[in-house]
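A quick write-up on the structure given underneath.
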């Protein structure tokens, strides 16, 4: 009886802790150069999103599907533009969307426009924004809902 109670406690309480991915990481202006540096192989897709964005969840789901189809060639990084006050809500949304297995960053500076510019000088801050950085240094940027044609264009 005690053994069953202990197993139930382990399943209910301990396993979710072990199943969690790395926590949501802060993204400051000083860390942007490393984020946008071309990867050694394949491509890095930076998915910029916000809690109040209508197309963000479908875009993130499409990018996850693309990454899973090309796990060796696509590194997906999720970047929430909401700011540090929304940390818990962003983490909860990522968990709700089952996207805690992917590296996730959150803006932590009071001036998001500065980080936006450092990530992509041609970006006005609208979300969703998908930035693809290839190993050869080329970039593709898409604002708004990803269409099937755009997904084919960013596929490795």
(Q) Based on this model, can you work out whether residue 90 counts as touching a strand residue (DSSP E or B) at 6+ places or on another chain (Cβ under 7 Å), over 23 Å from residue 152 (Cβ atoms) and not in a loop (DSSP other than H, G, I, E, B)? (A) yes
(Q) Looking only at the stretch 107-124, filter to residues that are farther than 19 Å from residue 90 by Cα and touching a helix residue (DSSP H, G or I) at 6+ places or on another chain (Cβ under 7 Å); which one of those is surrounded by the fewest Cβ atoms within 10 Å (Cβ to Cβ)? (A) 114
Q | Tally of residues being touching a helix residue (DSSP H, G or I) at 6+ places or on another chain (Cβ under 8 Å), part of a strand (DSSP E or B) and under 19 Å from residue 70 (Cα atoms) across the stretch 125-156 | A | 5
Q: Take the stretch 65-80 and flag every residue that is closer than 18 Å to residue 31 by Cα and either touching a helix residue (DSSP H, G or I) at 6+ places or on another chain (Cβ under 6 Å) or exposed (fewer than 14 other Cβ atoms within 10 Å of the Cβ) (or both).
A: 76, 80
(Q) Among the listed residues 101, 52, identify the single one that is without any contact (Cβ under 8 Å) to a residue 60 or more places away in the chain, closer than 24 Å to residue 146 by Cα and part of a loop (DSSP other than H, G, I, E, B). (A) 52
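Bear in mind that the values in this text are calculations on the coordinates, not laboratory data. Keep in mind that this is a model prediction, so the values were computed, not measured. Note: ideal-geometry Cβ built from the backbone for every residue, glycine included; neighbour counts use all protein chains shown.
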